[in-house]
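Participant: This is the structure, below, for whatever I ask next.
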């Protein structure tokens, strides 16, 4: 990876506390699930303290509407935000888990709907921009 670049590499839904992607992350009838985001950054950027905004949104593919309110996280490329050296080289990696409450709870208005999450990382001045999406998933 370029020393001054970063990329969101994965976004997956899991059961709360899980690390394996699941297409029904709140089944059976849990009030929340986790969204796991993985990213990498080059050797010069990973510990630079450069600020960025991480935006996470959801699209209800069944109703073709916004799934729930967008989350905007103001972060920086540093250890406090989870960036650490990869064991296999000079680059940095970051894995973050975001707890997502099921809107209306289990059996609520999104029960049976197919959704998809989107995450974007944008640095100040938009010199670094990366976007990825989760696989579609169903809420119960």
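The values are calculated or read from the model by the stated rules, or taken from the named source; none is laboratory data. Because the structure is a prediction, the values reported are computed rather than measured. We place every Cβ from the backbone using ideal geometry, glycine too, and count neighbours over all the protein chains shown.
Participant: Could you list, in sequence order, the residues of segment 18-32 that are under 17 Å from the mean Cα position of the chain (by Cα) and surrounded by 12 or more Cβ atoms within 10 Å (Cβ to Cβ)?
Facilitator: Within segment 18-32, 18, 21, 22, 23, 24, 25, 26, 32 meet the criteria.
Participant: Has segment 57-71 got at least one residue that is in contact (Cβ under 8 Å) with a residue 40 or more places away in the chain, closer than 18 Å to residue 133 by Cβ and touching a helix residue (DSSP H, G or I) at 6+ places or on another chain (Cβ under 9 Å)?
Facilitator: no
Participant: Residue 21 fails exactly one of the following numbered conditions: (1) over 16 Å from residue 133 (Cα atoms); (2) in a loop (DSSP other than H, G, I, E, B); (3) in contact (Cβ under 8 Å) with a residue 12 or more places away in the chain. What is the number of that condition?
Facilitator: (1)
Participant: Here's something else I'd like to know. Here are the criteria: (1) touching a strand residue (DSSP E or B) at 6+ places or on another chain (Cβ under 6 Å); (2) in a loop (DSSP other than H, G, I, E, B); (3) closer than 12 Å to residue 139 by Cα. Tell me which single one residue 16 does not satisfy.
Facilitator: In the conditions (1) touching a strand residue (DSSP E or B) at 6+ places or on another chain (Cβ under 6 Å); (2) in a loop (DSSP other than H, G, I, E, B); (3) closer than 12 Å to residue 139 by Cα, residue 16 misses (3) alone.
Participant: Need the failing condition index for residue 67 against (1) touching a strand residue (DSSP E or B) at 6+ places or on another chain (Cβ under 8 Å); (2) over 19 Å from residue 138 (Cβ atoms), just the number.
Facilitator: (2)
Participant: Looking at segment 27-44, which of its residues are in contact with a strand residue (DSSP E or B) (Cβ under 6 Å, 6 or more places away or on another chain) and either more than 13 Å from residue 117 (Cα to Cα) or not in a strand (DSSP E or B) (or both)?
Facilitator: 32, 38, 39, 40, 41
Participant: A further question on this structure: Looking only at segment 50-66, count every residue that is in a strand (DSSP E or B) and either farther than 26 Å from residue 31 by Cα or at pLDDT below 95 (or both) and tell me the total.
Facilitator: Going through segment 50-66 one residue at a time, the tally reaches 3.
Participant: Regarding segment 29-48, can at least one residue be identified that is touching a helix residue (DSSP H, G or I) at 6+ places or on another chain (Cβ under 9 Å) and in contact (Cβ under 8 Å) with a residue 24 or more places away in the chain?
Facilitator: The answer is yes, given that some residue of segment 29-48 is touching a helix residue (DSSP H, G or I) at 6+ places or on another chain (Cβ under 9 Å) and in contact (Cβ under 8 Å) with a residue 24 or more places away in the chain.
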